[in-house]
1. Would you call T34 surrounded by 15 or more Cβ atoms within 10 Å (Cβ to Cβ), of a type in the set (V, I, T) and out of contact with any Ser or Thr (no Cβ under 6 Å at 6 or more places or on another chain)?
2. Can you tell me which residue in the range 122-141 is modelled with the lowest pLDDT, limited to those that are outside any helix (DSSP H, G or I) and touching a Phe, Trp or Tyr at 6+ places or on another chain (Cβ under 8 Å)?
3. Sort out which residues of the range 358-412 are charged (D, E, K, R), closer than 18 Å to V442 by Cβ and within 27 Å of the chain's Cα centre (by Cα), and write them in order of number.
4. Could you please let me know if S257 is in a helix (DSSP H, G or I), among the hydroxyl-bearing types (S, T, Y) and touching a strand residue (DSSP E or B) at 6+ places or on another chain (Cβ under 7 Å)?
5. I'd like the residue in the range 279-321 that is among the acidic types (D, E) and surrounded by fewer than 24 Cβ atoms within 10 Å (Cβ to Cβ) and, out of all such residues, is farthest from the chain's Cα centre (by Cα).
6. Being crowded, with 24+ Cβ neighbours inside 10 Å and either of a type in the set (K, R) or without any contact (Cβ under 8 Å) to a residue 60 or more places away in the chain (or both) is the filter here, so list the residues in the range 214-239 that pass it.
7. Would it be correct to say that E74 is closer than 24 Å to L338 by Cα and either at pLDDT below 95 or surrounded by fewer than 17 Cβ atoms within 10 Å (Cβ to Cβ) (or both)?
8. Return only the number of the condition from (1) assigned to a helix (DSSP H, G or I); (2) farther than 26 Å from L4 by Cα that G355 does not satisfy.
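The values are calculated or read from the model by the stated rules, or taken from the named source; none is laboratory data. Predicted model, so just to flag it, every value in this text is computed and none were measured. Methodologically, a virtual Cβ is constructed for each residue, glycine included, from the backbone with ideal geometry; neighbour enumeration extends over all protein chains shown.
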Amino acid sequence: MPLLPEVKKHYGKLKILIDGEWIVSQSTDIQQDTNPATDEVIAEFPSATKKEALAAAEAAHRAFQEWRNVPMRERARMLFDMRAVFENNFDELTRILSQDHGRTIGEAIGSVRRVIENIESACTALYGLAKQNEHMDQLAGGIDQYLIWEPLGAFLIVTPGNIPMHAWSSFVPYALAAGCTVVVSPSRQDPVAAEAICKVALEVGFPPGVINLVHGGRQINREILSHPDIKGVGFIGSNVAGKDLFEMCGKLGKTSSINGNGKNHLVIMPDADMEMGTEWLMRSCFGLAGQRCLGVDNVVIIGDRYEEIKTSFKEASAKMKLGYGLDDTVENGPMATLAGKEKVIQWIDRSLSEGAKMVLDGRSVKVEGYPNGYFLGPTIIEDVNVDMPMAKEEAFGPVAALIRGESLKQAIDWINTKTNVGHSACIMTGNGKNARRFIREVNVGNVGVNVGVAQPYAFFPLGSRRESFVGTAKSRMASMRMFMDEKTITARWV
């Protein structure tokens with residue numbers, strides 16, 4: 001099968017977007033962006049200077065003064081227009097995402113489709129808040145009282161390397177719908193994808209400064225968030241970086257949505273229908289090369305079907321086709337970075353040293369035609385004890401840990417007490433009573449029943465609890481509560 005064509009072989013030196021202009025950064029800190037499948041350089045990009053970062057913050061603040069006064073119906077129209085331009089650029093965006101991040105073209109199609117769903121959801125959220133305005137007259141003699149929602153201002157949006165477009169859409173459309181403006185600070189892992197999504201959004205004709213883009217990292221993020229006109233931050237990434245920004249928000253009195261690491265479980269009950277179950281397992285554990293926020297690390301098997309499930313899971317996983325994601329017959333692509341691959345290999349090595357045993361080893365996988373790619377094959381380990389550090393730490397790669405369980409109660413207890421994070425948990429069962437108990441008792445924000453990934457659609461928030469989330473509001477639909485604030489008016493006219 002021939003590869004789908006790359007949009008470009010090399011995207012040149014990327015620029016930064018400030019006040020409606022794509023400009024050449026004055027930074028001397030220039031980094032290279034590589035294609036994970038080939039290790040070939042596809043772009044160079046700058047870490048913005050402090051002066052440039054502050055200029056982006058100031059541009060967003062100036063633009064807010066105009067954008068906040070654009071009538072709600074006009075903002076909604078522009079968002080619908082944004083949906084249209086994303087549809088028009090759909091194919092190109094998916095190929096850029098596959099080339100820059102490493103995911104398969106099928107996964108890229110799903111991600112860009114989710115971007116469009118988030119734009120649609122932002123429109124729905126805008127009208128929903130409008131309907132929530134409350135008015136009551138004659139609360140006292142001649143006194144009326146009513147509630148209105150107002151946009152807060154300019155926001156910093158920090159997106160991760162594993163879902164660069166999806167994360168962008170988890171905040172930016174909602175901020176724009178609310179009447180806020182943004183400075184986007186993307187991960188250094190896939191800057192071409194970050195630039196592409198901003199360029200497409202700008203085709204709508206937003207006023208200069210409504211969307212700004214600077215590359216950098218933690219220090220640049222701190223500089224932007226410290227700016228007095230930046231009102232808060234929407235963040236998806238690691239707990240370490242997220243907590244740093246959250247602490248800053250606390251000290252500076254700013255609002256936030258901080259979405260961090262996870263350690264997700266899938267519980268297989270004795271009555272689970274495994275006709276589709278093995279496919280769900282592979283998608284949840286190995287999809288996106290295991291770099292999915294809600295992907296599964298720990299597979300807890302209850303009852304006496306352990307060997308049967310292990311065997312079918314191993315056999316199916318060993319057959320997964322790895323390669324460049326622009327080949328639409330490929331089932332799994334490379335890790336996004338070489339450093340990420342090496343970190344996962346270290347995670348596997350530590351697990352084995354602590355007593356885990358190898359079921360399927362993907363560490364030395366070779367992919368024909370791509371000798372320099374960051375490929376890591378599906379890896380399955382067993383004899384994992386829930387008290388091992390590796391049973392509690394996110395692998396963030398294509399690794400599944402098989403754990404024997406005795407009961408649903410025990411599995412729920414492990415999920416609730418053996419980890420301090422709460423992204424997601426799934427259960428496979430044909431018993432409604434077990435499913436209902438799992439839903440009610442498991443202390444995570446996203447629950448799946450007979451699915452491999454508990455991924456909410458765009459018009460639901462990403463739940464997440466415990467150390468997987470801190471802040472004012474969850475992402476997506478719920479982020480409108482971060483971008484806007486209530487104002488209660490009490491008026492006497494008679």
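1. Answer is yes for this residue.
2. N133
3. Residues satisfying the conditions are K392, E394.
4. No; evaluated as a whole, the condition is false for this residue.
5. Among them, the one singled out is D304.
6. K231
7. Spelling it out, it is not the case that E74 is closer than 24 Å to L338 by Cα and either at pLDDT below 95 or surrounded by fewer than 17 Cβ atoms within 10 Å (Cβ to Cβ) (or both).
8. Just one mismatch for G355, condition (1).
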